[in-house]
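Structure first, commentary second.
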Amino acid sequence: MKFKWFTYENGLLLLLAFTFGVAFFDRNAINYLMPYIIDELALSNFQIGMIGSGMAVTWALSAYLISAWSDRTGVRKPFLLVTVVVFSLCSFLSGLAGVFLVLFMARVIMGMSEGPILPVSLAIMNAESTPSRRGINAGILQTFFGALLGTTVAPLVVVYLAELYGWRVTFYLAGAPGLICALLIWQFVRVPEQKETKHNEHESQGINPIKMLSIHNVLLCSLISCCMVAWYLLVVIFAPLIFTELRGYSETQMSRLMAVTGICTVIGGFLLPGISDRVGRKPVMVVFCFVSMLAPLAALYFSGPLWILGLLFFIGWSGSATFPLFMGVIPSESVAPGLIATAMGLVVCFGELTGGALAPILSGFAADQTSLAAPALIAAGCALVAGILSMFLIETAPSRIPGADKRNS
């Protein structure tokens, strides 16, 4: 049975997952390098916020617009190649920045190039996936290397390189893996047959966001994305402050608690989507969106032993493993093949615009007016709403729909 590991499906999965992980690594690198950058470029807090928000907005818009363009033309591989090369070059450009404007433009263009990578990659993977493996494949693609490289490895490697060589050289080195991935994509990823391309082009004609949102599951997944991306970022941004400033934990204790998130995402990122392949997408979405409420509430209220708090935080963070389902698997199983990237791009766009650009700003304002408890309560409320919305999803898992495996094979 060993030979079954060496299939095109598995090789493609490994390459696309690693490529998205590299993109996420490059996106997060600036956060860990900012202490080195801020003094040299004399950046204000407002300018730092502009860099993050600008990248989130372009990521969101390009996730939909370029993915829709990919669907209209029926082309996947060239779009993926160009976006991977561009975000890698933007990492080099970030290292060359001598003033705020150059750094800002480099990160904005990086967001524009990285936005379509996930939906286009998921569309490519969906076409090559065995129907019974769509969930676990999407989970591995979106979360495994993204969490491993972008959340767990990035802070360690980026800071280490910055201490040795400086922040500029670190940006240069961070851009190199993306170029290697682009070369492997060029050599390894197959181009769809021409008949499939024409079929996709015909299906995607006349599709606009309003019409796409008339599809029941796409609308629900877009709304869930608004809630869950907000939940994710509010916990990531404000939990460290809650632990240290509100709860009185040391920075070391806080770092250990936050490290739980990366470990949980790596494990849950393929475990929960794999479970959904068997029991269905809807029950996994409902249960684990509700479970997500535990992370911000435990951070805010639990006062027992640190290891129990870490365990509660781990359980609550398992909701992050629903992202491949509502951003990729469910939309892709709810639309025609020629609309898959458009549907996924729209869901990503909604989540990034609300969770990436609006939710942190509004929650920060609420915290200034009240206390640091506000972002945690807002995050828990977002998870609650996502769980309620998930109850209205239409089941799409082939294992739960009679004859679906045969139709989709």
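Below are the figures for this structure:
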read-out: For region 225-230, 3J(HN,Hα) per residue [Karplus equation, 6.51 cos²θ - 1.76 cosθ + 1.60, θ = phi - 60°, Hz, x = Gly/Pro]; value: 4, 4, 6, 6, 5, 4
read-out: Simple spin-label estimate for Ile267 and Leu246 in nanometres, 7 Å along Cα-Cβ; value: 2.6 nm
read-out: Shape box of the chain [Cα atoms, principal axes, largest first, Å]; value: 58, 47, 45
read-out: For region 1-147, alpha-carbon Rg relative to the globular expectation (2.2 N^0.38 Å, N residues); value: 1.17
read-out: Ranked packing of 57-66, 140-149, most packed first, by mean Cβ within 10 Å; value: 140-149, 57-66
read-out: Estimated vicinal HN-Hα couplings, Hz - region 232-246 in sequence order (Karplus 6.51, -1.76, 1.60; Gly, Pro = x); value: 4, 6, 5, 5, 4, 7, 9, 4, x, 6, 5, 5, 8, 8, 8
read-out: Residues Glu163 and Phe392, FRET efficiency given R0 of 56 Å [Cβ-Cβ distance, rounded to 0.05]; value: 0.65
read-out: Calculated FRET efficiency for the pair Trp5/Arg190, C-beta based, R₀ 22 Å, to 0.05; value: 0.70
read-out: Vicinal HN-Hα couplings computed from phi for region 50-57 (Karplus, 6.51 cos²θ - 1.76 cosθ + 1.60; Hz; Gly/Pro x); value: 4, 4, x, 5, x, 5, 5, 5
read-out: Per the chain, cysteines lacking a partner by the 4.7 Å Cβ criterion; value: Cys90, Cys181, Cys221, Cys226, Cys264, Cys289, Cys349
read-out: Packing-based ranking, highest mean first, of 161-168, 129-136 given that Cβ atoms within 10 Å are counted; value: 129-136, 161-168
read-out: For region 21-61 and region 237-314, distance of Cα centres in Å; value: 25 Å
read-out: Estimated distance in nm for a label pair at Leu179 and Ser44, the labels positioned 7 Å out from Cα along Cα-to-Cβ; value: 3.7 nm
read-out: Mean Cβ count within 10 Å, highest first, over the residues of peptides 385-397, 12-24; value: 12-24, 385-397
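Read-outs: derived from the displayed coordinates by stated rules, not from any lab. This is a predicted model, so every value here is computed, not measured. Here Cβ is always computed from backbone atoms with ideal geometry, including for glycine, and neighbour counts include all displayed protein chains.
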